[in-house]
1. With only alpha-carbon pairs counted, each pair once and no self-pairs, how large is the Kirkwood hydrodynamic radius of region 15-64 in angstroms?
2. Give, in nm to one decimal, the length gained when the segment between LEU29 and ASN53 is fully stretched (0.36 nm per residue of separation minus the Cα-Cα distance).
3. For a quick protection proxy, order the peptides 53-59, 34-40 by their average other-Cβ count within 10 Å, most packed first.
4. For region 15-64, what is the charge dipole size about the Cα centre, in debye to the nearest 20, if Lys and Arg each add +1 at the Cβ and Asp and Glu each add -1 at the Cβ?
5. Please list, in chain and number order, the residues 5+ apart from SER43 or on another chain whose amide H is under 5 Å from its amide H, with Hs placed from the backbone.
6. Which order do GLU23, GLU64 fall in if you start with the one that has the fewest other Cβ atoms within 10 Å?
7. Under a Cβ-Cβ cut-off of 15 Å, what is the net charge of the residues other than GLU33 that fall near it, where Lys and Arg count +1 and Asp and Glu count -1?
Amino acid sequence: MEASKTPQVPALVPLMTKERFSELSGLSLDTIEGHLRRGYLPSRKIGRRLMINVALLQCECLDEEEWS
């Protein structure tokens, strides 16, 4: 069986660097930085690094869906 070439993400990663998010989402780093500046992506500053709050993003996406 051939290994999958898609990037694998652990299920419980609450924070992610913008570089890693870029790799996994397929969006350019410039696009992600623009989304962060505009507040489209939730973030958290850890020391000097700005991390994307993947856990909050996932919650926001699930809240938008109608789960009946």
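1. On the way: mean 1/r = 0.0909 Å⁻¹.
Hydrodynamic radius (Kirkwood, Cα only) of region 15-64 equals 11.0 Å.
2. Values: separation 24, 0.36 × 24 = 8.64 nm, distance 1.59 nm.
Full extension from LEU29 to ASN53 adds 7.0 nm.
3. Values: 53-59: 15.1, 34-40: 11.7.
Ranked from most to least packed, the peptides come out as 53-59, 34-40.
4. On the way: 8 positive and 7 negative charges, 78 e Å.
That gives a dipole near 380 debye.
5. Residues meeting the criterion, in which the H sits 1.01 Å from N, are ASN53.
6. Working: GLU23 14, GLU64 7.
Listing GLU23, GLU64 from fewest to most nearby Cβ atoms yields GLU64, GLU23.
7. Working: positive: LYS18, ARG20, ARG37, ARG38, LYS45, ARG49; negative: GLU19, GLU23, ASP30.
In short, +3.
Quick note: the coordinates plus some simple rules give every number you see, no bench work behind them. What you see is a predicted model; the values in this text were computed from it and never measured. Neighbour counts are summed over all protein chains in view; Cβ atoms, including those assigned to glycine, are modelled from backbone coordinates with ideal geometry.
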